[in-house]
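Working notes for the structure below.
The values are calculated or read from the model by the stated rules, or taken from the named source; none is laboratory data. What you see is a predicted model; the values in this text were computed from it and never measured. Note: ideal-geometry Cβ built from the backbone for every residue, glycine included; neighbour counts use all protein chains shown.
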Amino acid sequence: MVTGEVMHKMLWLKIGGKRFHMLKLAGSFFVLASVLMVAQSAYNIFLVVDKINAALMRPELTEQLFGWAIGAPYVFTNEDVLGVLLAPIAGFLFWLGIAVLALVVYQSGKVILPVEEYEQRVSEHHRRLIERAVRRK
């Protein structure tokens with residue numbers, strides 16, 4: 001019986017006489033971009049927390065800080081803090097997940113293509129040929 005094997009392929013890009021591993025090259029760009037976006041998302045969280053502190057100290061600035069047309073005097077509550085922080089935290093976690101995926105792409109050395117496996121009745125002549133070929137590897 002012949003069993004299926006997994007075929008590994010490595011993709012290379014040749015530029016100016018130098019060879020570049022395609023997955024590592026693409027992965028390095030994805031890692032760089034996603035790490036920059038993680039940093040930007042962390043900075044956005046910092047900015048929102050700074051706005052929250054200003055709104056808690058001076059409630060009359062809430063409309064200017066967040067663009068809410070609620071009218072003064074508005075008391076900035078804990079629910080408002082949670083609501084304002086949800087989007088920046090979600091963005092941070094999203095880009096952190098993308099950074100992990102980009103790191104996985106960068107670390108992978110091969111594209112794995114599964115080869116279909118199926119059973120078939122093979123004549124004795126072909127079975128001996130296949131066994132000889134497998135032993136030569």
Legend entry - Condition met for A42 (closer than 30 Å to Q107 by Cα and at pLDDT 85 or above): yes
Legend entry - Total residues in the stretch 72-101, condition of a type in the set (S, T, Y) and surrounded by 14 or more Cβ atoms within 10 Å (Cβ to Cβ): 1
Legend entry - Condition met for F20 (modelled with pLDDT under 95 and of a type in the set (F, W, Y)): yes
Inset, instruction - Would you please list the contacts, defined by Cβ atoms under 9 Å and residues six or more apart or on different chains, that run from a residue in the stretch 103-114 that is within 15 Å of M22 (Cβ to Cβ) and among the charged types (D, E, K, R) to a residue that is part of a loop (DSSP other than H, G, I, E, B) and modelled with pLDDT of 55 or more? - result: K110/M10
Legend entry - Lone qualifier among I89, I112 - being at pLDDT 75 or above, over 13 Å from the mean Cα position of the chain (by Cα) and not aromatic (F, W, Y): I89
